[in-house]
Amino acid sequence: SQQGEEDPQALSIQEGENATMNCSYKTSINNLQWYRQNSGRGLVHLILIRSNEREKHSGRLRVTLDTSKKSSSLLITASRAADTASYFCATGYDYKLSFGAGTTVTVRA
Amino acid sequence: GAGVSQSPSNKVTEKGKDVELRCDPISGHTALYWYRQRLGQGLEFLIYFQGNSAPDKSGLPSDRFSAERTGESVSTLTIQRTQQEDSAVYLCASTDGTGGYNEQFFGPGTRLTVL
């Protein structure tokens with residue numbers, strides 16, 4: 001069963017704008033990870049935030065984690081056409097990752 | 001270095017036929033995962049291999065599904081007597097630690113279409 005739920009399901013923005021998507025989960029986690037998927041094929045790891053961390057940055061990406069609310073957010077700043085993809089959050093516990101259904105982001109030129 | 005590779009990239013088969021999907025993990029990665037992704041959905045865990053330990057098969061949806069891995073090398077996922085609901089992208093991932101604690105490296109997937 002899927003642990004994380006992303007919101008919104010789809011997002012359309014203009015190039016240069018910021019994109020924010022959220023992830024909520026239900027059970028205990030060791031970490032939360034975000035992945036990107038282009039054209040329905042392999043996933044690419046973006047960022048991992050551990051359960052004792054609250055915020056993490058990587059390039060144009062900013063991830064927050066609130067374990068009291070069991071939620072996370074991914075912010076992509078200054079979006080580009082190449083950011084068009086599906087984004088998945090995945091909660092890690094023991095040896096498993098549980099994925100949400102994803103947010104589809106479209107960046108318009 | 002080479003990433004995770006999967007073959008075939010696409011497979012079209014007729015209902016009732018058996019199919020075999022292959023995954024070559026990154027060399028040295030002890031953990032290997034198979035996932036299924038139906039159209040527009042998230043990843044569904046199927047099976048987990050860690051070194052020579054007994055695999056976690058808890059995600060396999062029916063006894064028509066099986067998977068093998070020899071040591072820390074290639075894995076094959078076999079679906080017997082395929083059904084139309086088996087149509088999906090099958091993704092393989094490997095990691096050098098415990099996959100829930102570390103990032104997983106994904107292959108490009110095999111898109112299976114059952115007619």
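The values are calculated or read from the model by the stated rules, or taken from the named source; none is laboratory data. The shown structure was predicted, so the numbers you read here are calculated from the model rather than taken from an experiment. No Cβ is skipped: glycine too gets one built from the backbone with ideal geometry, and neighbour counts run over all protein chains shown. Only protein heavy atoms, including side chains, enter the accessible area calculation; ligands, DNA and RNA are left aside. Shrake-Rupley method; radii C 1.70, N 1.55, O 1.52, S 1.80 Å.
Which length gain, in nm to one decimal place, applies between A:Arg80 and A:Ser51 when the Cα-Cα distance is subtracted from 0.36 nm times their residue separation?
7.5 nm
How are the C-alpha pair distances of the range A:5-108 spread across 10 Å bins, as whole percents from the shortest bin up?
Calculated P(r), rounded to whole percents: 16, 52, 28, 4.
So what is Rg over Rh here for the range B:7-52, counting just Cα atoms and using Kirkwood for Rh?
When Rh is taken as the Kirkwood radius, the ratio is 1.01.
Please give the solvent-accessible surface of A:His57 in Å², to the nearest 10, using a probe radius of 1.4 Å with every protein chain present.
Only protein atoms counted, so the area is about 120 Å².
Take every DSSP beta bridge with both residues inside the range A:5-108 and express the antiparallel ones as a percent of the total, to the nearest 5.
Antiparallel bridges: around 90 percent, rounded to the nearest 5.
Counting alpha carbon pairs within less than 8 Å and at least 6 residues apart, what relative contact order, in whole percent, applies to chain B?
Result for chain B is 38 percent.
Just by accessible area at a 1.4 angstrom probe, what is the order of B:Val89, A:Val44 from largest to smallest?
Greatest to least solvent exposure: A:Val44, B:Val89.
Trypsin sites (Lys or Arg not before Pro) within the range B:69-115: which are DSSP loop residues with at most 15 other Cβ atoms inside 10 Å?
Sparse-neighbourhood loop trypsin sites (Lys or Arg not before Pro): B:Arg81.
Chain A: longest stretch without exposed trypsin sites (Lys or Arg not before Pro) (DSSP loop, at most 16 other Cβ within 10 Å), sites themselves excluded?
It runs A:81-109.
Starting from the residue with the highest accessible area, list A:Ser72, A:Ser86, A:Ser58 in decreasing order, probe 1.4 Å.
A:Ser58, A:Ser86, A:Ser72
Hey, what's chain A come to in accessible area per residue, 1.4 Å probe, Å²?
For chain A, the per-residue accessible area is 47 Å².
Express the C-alpha Rg of the protein assembly as shown as a ratio against the empirical globular expectation 2.2 N^0.38 Å, rounded to two decimals.
Cα Rg divided by the expected 2.2 N^0.38 Å: 1.01.
Ordering A:Leu75, B:Leu46 by accessible area with a probe of 1.4 Å, largest first, what comes out?
Descending order: A:Leu75, B:Leu46.
Mean projection of the alpha-carbon convex hull of the range B:39-115 over all orientations, in nm²?
That works out to 5.7 nm².
Let me spell out the model: positive unit charges on the Cβ of Lys and Arg, negative unit charges on the Cβ of Asp and Glu, origin at the Cα centre of chain A. What dipole size does that give, in debye rounded to 20?
The dipole magnitude comes to about 180 debye.
Hey, how many Å between the Cα centroid of the range A:30-102 and the Cα centroid of the range B:52-115?
22 Å
Evaluate peptide B:28-40: per residue, the Cβ atoms of other protein chains within 10 Å of its Cβ; return the mean as an integer.
That works out to 2 on average.
List the accessible area buried at the contact between B and A, summed over both sides and calculated with a 1.4 Å probe, in Å² to the nearest 100.
Summing both chains' loss of accessible area gives about 1800 Å².
Rounding to the nearest 20 debye, state how big the charge dipole of the range B:5-109 is about its Cα centre with +1 on each Lys and Arg Cβ and -1 on each Asp and Glu Cβ.
300 debye
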